[in-house]
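To keep things clear, I will list the structure first and then write my remarks on it.
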Ligand code: UDP
């Protein structure tokens, strides 16, 4: 039986990964400092092959048993979270990645880095392919996340080249689904929360900026395939169906079946104007492409939010 360590395993993506890997027959060690992840996300994973360690990954990591894979997913990932915790974000991307790589080297494990489409910044090339170097403002508010992840990629490649570590880099584009925090500030939970509370949906700027949203189950499938390749260069993982934020707002209003309005708020600084992954590398190397349509994924996400016990009472009162 192989063992996988997932840093950030109590977070949105990390917890889905832990669940999937357990079901596939791995032993899973989930490490998280619970700064943005929650025990709620992993509470159902009570299993003799599952272990939770509450630890900040920027501190020295000691694991007694053999580890076959280190999947490094620890980091705040929502703009409001990384702006609220700028130093921690920089530390986990730099010092945390260094520690996780050190552990992988010690254990002779495969190391997989959760990188991000933010390495492309506010891109001048559209769609974004892996050979684009990006357009990042290092001193802007997003710089703390973008530059930390760019450093993380650089040190991962250095361990690969210098120590011959088996490394993988996933550049993850906007992902959504059950277990996102309603208050995490990202656009889909924000809009769903607002719609169910009868509040106007807050579109930043004029809503013409675009994103491409990947459902969580598709992303997890891509990550697991990447674990099993021997490909060290970065691979984009995301859905290439692109839409504007105003289109997304209207879609969510329609799917929630609620009448509400849209209000326009100031566009945050350095908010990327367009984003769509070029996924031919993932198709070729991993034989992977996303399967869940936006409509289907949004329905599942909305249902999950609707069923969340803390909110179900207020939804019932509103007749949702
Ligand atoms: N956004 C918005 N209203 C919100 C939250 C976000 O219009 O209530 C916009 C945001 O400005 C960005 C897009 O939606 O253009 C996606 O934002 P998110 O925070 O989900 O992630 P990003 O892709 O910017 O990292």
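Going through (1) under 25 Å from residue 147 (Cα atoms); (2) touching a strand residue (DSSP E or B) at 6+ places or on another chain (Cβ under 6 Å) one by one, residue 187 falls short only on (2). Filtering the range 111-141 to residues that are surrounded by fewer than 22 Cβ atoms within 10 Å (Cβ to Cβ), in contact (Cβ under 8 Å) with a residue 60 or more places away in the chain and in contact with a helix residue (DSSP H, G or I) (Cβ under 7 Å, 6 or more places away or on another chain) leaves 130, 137, 141. Of the residues making up the range 14-25, those that are touching a helix residue (DSSP H, G or I) at 6+ places or on another chain (Cβ under 9 Å) and closer than 23 Å to residue 103 by Cα are 14, 15, 16, 17, 18, 19, 20, 21.
Here's the yes/no breakdown for (1) at pLDDT 95 or above; (2) closer than 20 Å to residue 156 by Cα:
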| site | (1), (2) |
| --- | --- |
| 5 | yes, yes |
| 16 | yes, no |
| 49 | yes, no |
| 57 | yes, yes |
| 62 | no, yes |
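Filtering 284, 273, 265 for residues that are over 23 Å from residue 16 (Cβ atoms), more than 20 Å from the chain's Cα centre (by Cα) and within 16 Å of the ligand (Cβ to nearest atom) leaves a single hit, 265.
Cβ separations smaller than 7 Å between residues 6+ apart or across chains give the following pairs from the range 251-271 residues that are more than 29 Å from residue 144 (Cβ to Cβ) to residues that are outside any loop (DSSP other than H, G, I, E, B) and near the ligand (Cβ under 9 Å from one of its atoms): 253/201; 260/201; 262/201; 262/203; 262/249. Is one or more of the residues making up the range 298-314 over 19 Å from the mean Cα position of the chain (by Cα), part of a helix (DSSP H, G or I) and within 14 Å of the ligand (Cβ to nearest atom)? No, the conditions are met nowhere in the range 298-314. Checking the conditions here, which among 242, 221 is within 16 Å of the ligand (Cβ to nearest atom) and either buried (at least 17 other Cβ atoms within 10 Å of the Cβ) or under 12 Å from residue 173 (Cα atoms) (or both)? The unique qualifying residue is 242. Of the strands (runs of 3 or more DSSP E) lying entirely inside the range 186-285, those carrying at least 1 residues that are within 30 Å of residue 166 (Cβ to Cβ) are 210-212, 234-237. Looking only at residues in the range 183-212 that are surrounded by 20 or more Cβ atoms within 10 Å (Cβ to Cβ) and more than 9 Å from the ligand (Cβ to nearest atom), the one that is modelled with the lowest pLDDT is 196.
The values are calculated or read from the model by the stated rules, or taken from the named source; none is laboratory data. Keep in mind that this is a model prediction, so the values were computed, not measured. All Cβ positions, even for glycine, are placed from backbone atoms using ideal geometry, and neighbour counts span all protein chains on display.
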